[in-house]
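The values are calculated or read from the model by the stated rules, or taken from the named source; none is laboratory data. Predicted, not measured: the structure shown is a model, and the values here were computed from it. Cβ placement follows ideal geometry from the backbone for every residue including glycine, while neighbour counts extend to all protein chains displayed.
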Amino acid sequence: MKSLTRLACSLAAMSFLSASLSAQETAFVPVTETGFVPVTQQMLNDPEPGQWLHWRGTQNAWGYSPLDQITTANVGQLQLVWAWAMDDTGPQEAAPLIHNGVMYVPNPGNVVQALDAANGDLLWEYRPEPVGDETGAFGHGVQKNIAIYGDRIFGASSRATIFALDATSGKLIWETRTADTALGYRYTAGPIVANGKLVTGITGCGRYKDDVCFITGHDPDTGEELWRTSTIARPGEPGGDTWGDLPLRFRAGSDAWIAGSYDPELKIVYWATSQAKPWARSVRGTDGDALYTNSSLALDPDTGELLWYYQYLPGETHDMDEVFETLLIDVDGRKKLYKMGKLGILWQLDRETGEFLDAIDVGYQNLVDVDRGTGEVTYRPELIPEIGVEINMCPSTSGFKGWRAIPAATSASCWSSTSGRATSCGGTARSRRSTPPRSRPEAESSSRATTTATSTPTTPAPARSSGRRGCPPRPRASR
Amino acid sequence: MTYLAGGRQYVAIPVGTGGASWAGMVPRDLTPHIRRPTNGNSIHVFALPADLPVATGRSRTAATDRDGAAVAAGTSLTVWDGVYTAEQAERGAAPYLENCATCHGEDLGGGSNSPGLRGVSFQFLWGGKTLHELYEAIRTTMPTDNPASLPRETYLDILTYMMQVNQFPAGDGELDAEALGNILITEEPGA
């Protein structure tokens with residue numbers, strides 16, 4: 001009952017928020033650092049069990065907690081202890097953080113709040129003034145995650161800015177713009193902290209413009225941009241020919257709209273990219289691979305150097321996004337990377353080298369065949385969209401899996417696929433088995449896997465010379 | 001997600017409408033009779049009933065060395081030394097409800113625009129400071145629509161009421177304004 005009352009009060013208070021903003025200035029008492037323990041990279045690398053310092057709990061993105069007070073035996077006794085009405089001006093996909101009993105919550109509309117994690121009491125709120133009509137639009141204002149480091153909270157906004165807040169007061173310390181919102185750019189994913197740097201990927205890259213999507217590294221002290229790595233190969237760059245002869249203006253997509261993972265031992269950030277835009281090859285104007293769309297990028301957090309990449313779906317053509325979370329799991333001493341996109345194919349890579357290890361199709365798609373030995377994806381020709389031709393495809397563009405992240409248990413054998421979201425196409429999925437087997441097309445050698453090139457500060461050139469084994473050439477269907 | 005606060009495990013579930021949610025994906029033409037809700041963005045937090053025995057988790061903060069903290073702060077007392085009386089706190093209850101509860105809540109839990117004044121919220125804001133600093137902040141800035149409008153004795157009574165709600169122990173002597181600078185706000189010794 002008490003919780004319900006609190007919820008009601010919160011709702012009432014939220015509705016009067018705009019009227020009482022001026023009172024907020026005086027009602028809030030400045031908070032000193034007393035009682036606040038700054039977060040170090042070491043704490044992020046090896047957090048205490050009761051903390052939740054990364055959007056997926058830990059940097060390997062397991063979403064796993066070793067806490068054991070709540071068990072399968074007593075979980076049925078859980079009771080609601082508090083509830084909190086978040087900002088309701090837009091869609092929300094928030095992953096809160098926990099540090100020493102304080103919950104930091106990213107809200108829609110670039111709002112960040114700090115709550116007493118034991119009872120939901122508000123400690124502070126950062127609520128920037130809305131600019132123009134930036135609320136309510138699909139995807140706009142979503143803040144999926146924030147980061148904590150030192151005595152600051154870091155976020156990325158729908159205004160294409162990265163910002164730092166005082167973790168004890170919510171006061172804005174710096175805000176750095178990385179792109180022009182008039183071109184469609186915005187953030188929905190927030191930063192992660194890797195080797196003392198903020199790493200953030202931008203989205204809203206679907207429009208035609210003489211620029212491409214990117215991932216940046218920023219100095220958490222000053223907000224200074226340290227590096228920028230493009231997620232699309234430009235004309236003339238390594239991999240640039242995978243877009244055919246399309247000029248830069250027509251190379252869109254490869255949004256980096258889900259925050260990545262970090263391996264502090266290898267000092268590698270793993271960040272993935274979305275499909276090319278427009279989605280369909282026939283509209284895009286090329287059936288090339290379109291690097292580095294639908295890929296995992298292994299980045300040096302200090303320089304942004306592309307250490308290796310692996311493209312899951314070359315030449316994607318159905319809006320099947322592979323951008324989602326990246327799980328880092330060691331199995332039998334091998335450092336692996338696990339990933340699943342909209343197609344519901346569970347990919348395994350060696351995360352030191354990018355080498356393909358395995359791919360398991362969980363069976364809810366009818367668009368491609370995947371070779372478990374090589375990772376080669378072959379599109380079924382009759383399901384490649386052509387303008388004016390209707391196809392029955394599965395899954396829908398919502399995907400078998402969406403942005404909701406998959407957890408991992410303590411053992412790789414317990415890796416859970418149950419949170420994958422089956423879409424309403426169960427019957428259609430079976431049609432896959434009725435599709436006649438097709439002969440394997442001739443494989444061609446791929447230039448993308450063996451390229452060695454010099455890099456420029458803004459060029460995602462694969463660098464394979466630093467003692468890392470390059471991933472072997474992956475045979476690929478000729479088209 | 002799950003976490004510890006005060007040694008107790010909680011499970012927090014953010015809910016609402018995100019991308020690829022039914023409210024955004026089902027074509028309106030197909031379901032014109034269904035009124036789309038706003039997002040209903042919220043967080044719901046669950047825990048085991050408090051009277052259930054649970055394993056002792058790691059403490060969320062290092063144990064507070066009361067004497068050490070007081071010495072370091074240059075004070076000789078803390079709020080745990082019985083520095084006010086129950087009668088004094090009871091005198092403060094009515095003016096609190098009249099002047100403060102609208103924003104900070106009848107239970108001192110705070111609201112969307114006002115910080116909580118008990119428990120972790122209180123310690124987060126005021127831990128490590130003296131009662132003098134807290135008293136002066138209240139006296140000079142509160143209530144926000146009419147700061148410094150109450151008698152000093154009333155501010156002092158309200159302060160002791162806040163101390164009572166925070167379960168700082170009452171003692172034999174009333175809290176005196178002159179003594180405030182010598183009393184440190186700390187977490188419970190050994191907590």
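Residue by residue, here is whether (1) in contact (Cβ under 8 Å) with a residue 60 or more places away in the chain; (2) among the acidic types (Asp, Glu) holds:
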site	(1), (2)
B:Asp107	no, yes
B:Val120	yes, no
B:Pro151	no, no
B:Met163	yes, no
B:Gly173	yes, no
B:Ala179	yes, no
The lone exception for A:Leu67 - which of (1) facing chain B (nearest Cβ under 9 Å); (2) out of contact with any Pro (no Cβ under 8 Å at 6 or more places or on another chain); (3) of a type outside the set (Asp, Glu) it fails
(2)
Among B:Gly105, B:Gly116, B:Gly128, B:Gly110, which is at positive phi, within 10 Å of chain A (Cβ to nearest Cβ) and buried (at least 21 other Cβ atoms within 10 Å of the Cβ)?
B:Gly110
Report yes if some residue within the stretch B:138-161 is within 13 Å of chain A (Cβ to nearest Cβ), hydroxyl-bearing (Ser, Thr, Tyr) and buried (at least 16 other Cβ atoms within 10 Å of the Cβ); otherwise report no.
yes
Just to be sure before I move on: is B:Asp157 part of a helix (DSSP H, G or I), more than 17 Å from B:Thr130 (Cβ to Cβ) and of a type outside the set (A, V, I, L, M, F, W, C) in the structure I sent?
yes
Quick check on my filter: what residues within the stretch A:372-386 are in contact (Cβ under 8 Å) with a residue 60 or more places away in the chain and in a loop (DSSP other than H, G, I, E, B)?
A:Thr374, A:Gly375, A:Glu376, A:Ile384, A:Pro385, A:Glu386
Of the residues in the stretch B:1-38, those that are at pLDDT 60 or above, farther than 14 Å from A:Val81 by Cβ, out of contact with any strand residue (DSSP E or B) (no Cβ under 9 Å at 6 or more places or on another chain) and at the interface with another protein chain (Cβ under 8 Å from one of its Cβ atoms) come to B:Thr17, B:Gly18, B:Gly19, B:Ala20, B:Ser21, B:Met25, B:Thr38
Selection count where residues are in contact (Cβ under 8 Å) with a residue 24 or more places away in the chain and either more than 8 Å from chain B (Cβ to nearest Cβ) or among the charged types (D, E, K, R) (or both), scope the stretch A:70-80:
0
Identify the single condition in (1) more than 10 Å from chain B (Cβ to nearest Cβ); (2) modelled with pLDDT of 95 or more; (3) more than 19 Å from the chain's Cα centre (by Cα) that A:Gly155 does not satisfy, given that it satisfies every other one.
(3)
Meets criteria (surrounded by fewer than 24 Cβ atoms within 10 Å (Cβ to Cβ) and within 29 Å of A:Asn45 (Cβ to Cβ)) for A:Glu355:
yes
Just one listed residue, out of B:Leu77, B:Leu48, is facing another protein chain (nearest Cβ under 10 Å), modelled with pLDDT of 85 or more and surrounded by 16 or more Cβ atoms within 10 Å (Cβ to Cβ), and it is B:Leu48
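Residue by residue, here is whether (1) of a type in the set (D, E, K, R); (2) within 23 Å of A:Ala117 (Cβ to Cβ) holds:
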{"residue": "B:Gly105", "(1), (2)": "no, yes"}
{"residue": "B:Gly127", "(1), (2)": "no, yes"}
{"residue": "B:Arg139", "(1), (2)": "yes, no"}
{"residue": "B:Asp145", "(1), (2)": "yes, no"}
{"residue": "B:Thr154", "(1), (2)": "no, no"}
{"residue": "B:Ala170", "(1), (2)": "no, no"}
Residue list for the stretch A:81-114, restricted to those being touching a Leu at 6+ places or on another chain (Cβ under 7 Å) and either assigned to a loop (DSSP other than H, G, I, E, B) or more than 8 Å from every other protein chain (Cβ to nearest Cβ) (or both)
A:Leu97, A:His99, A:Tyr104, A:Val112, A:Gln113, A:Ala114
Please indicate, with yes or no, whether at least one residue in the stretch A:286-293 is in contact with a helix residue (DSSP H, G or I) (Cβ under 6 Å, 6 or more places away or on another chain) and within 15 Å of A:Ile215 (Cα to Cα).
yes
Any hit, the stretch A:275-298, residues being out of contact with any strand residue (DSSP E or B) (no Cβ under 6 Å at 6 or more places or on another chain), assigned to a loop (DSSP other than H, G, I, E, B) and under 24 Å from A:Lys197 (Cβ atoms):
no
